[in-house]
Amino acid sequence: QVQLVDSGGGLVQPGGSLRLSCAASGSIFSFYAMDWYRQAPGKTREWVAGFTVGGRINYAASVKGRFTISRDSAKNTVYLQMKDLKTEDTAIYYCNAQRAGNDYWGQGTQVTVSS
């Protein structure tokens, strides 16, 4: 059974930083892809950043240059470092992993950017 545990969210002022973590129950290299998504109130869930097979990294245009995705294989954890946060980054952030045709989701972690 694959489990993803999201953590690291919180309340931060505009311009601040946060680092989110996604801890997997097994090797992160067993997944075809691992991504971060977010869902703001009243909006559909949107893709933020992710690793594809081979370790390629992609970012949504809205976060490119401000967010950095990384991984620590020893800890089976994927991170999302967020800087220069804006009020429009407020959302619940979810980790997603794909393997053998299955989609797995973390429980989400709330990020609120407000003064």
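Descriptive notes on the structure:
- Residues in the range 49-61 that are open to solvent by 50 Å² or more (accessible area, probe 1.4 Å) and not in a loop (DSSP other than H, G, I, E, B): ILE57, ASN58, TYR59.
- Any pair with Cβ under 6 angstrom, 6 or more apart, that starts in the range 9-29 at a residue that is in contact (Cβ under 8 Å) with a residue 60 or more places away in the chain and ends at one that is part of a loop (DSSP other than H, G, I, E, B) and among the hydrophobic types (A, V, I, L, M, F, W, C): VAL12/LEU85; GLY16/LEU85
- Restricting attention to the range 62-111, the residues that are more than 14 Å from LEU18 (Cα to Cα), in a strand (DSSP E or B), open to solvent by 60 Å² or more (accessible area, probe 1.4 Å) and at pLDDT 95 or above add up to 2.
- Hey, SER114 among the hydroxyl-bearing types (Ser, Thr, Tyr), in contact with a helix residue (DSSP H, G or I) (Cβ under 9 Å, 6 or more places away or on another chain), open to solvent by less than 60 Å² (accessible area, probe 1.4 Å) and over 17 Å from LEU4 (Cβ atoms) or not: yes
- So LYS64, is it touching a residue at least 12 places away in the same chain (Cβ under 8 Å) and of a type outside the set (A, V, I, L, M): no
- Matching residues, the range 1-41, being open to solvent by 30 Å² or more (accessible area, probe 1.4 Å), in a loop (DSSP other than H, G, I, E, B) and modelled with pLDDT under 95: GLN1, GLN3, SER25, SER27, TYR32, PRO41
The values are calculated or read from the model by the stated rules, or taken from the named source; none is laboratory data. Since this is a predicted model, take the numbers as computed values, not measurements. Please note: Cβ atoms are built from the backbone with ideal geometry, for glycine as well, and neighbour counts cover all protein chains shown. Just the protein is used for accessible areas: all its heavy atoms, side chains included, with ligands, DNA and RNA removed. Shrake-Rupley method; radii C 1.70, N 1.55, O 1.52, S 1.80 Å.
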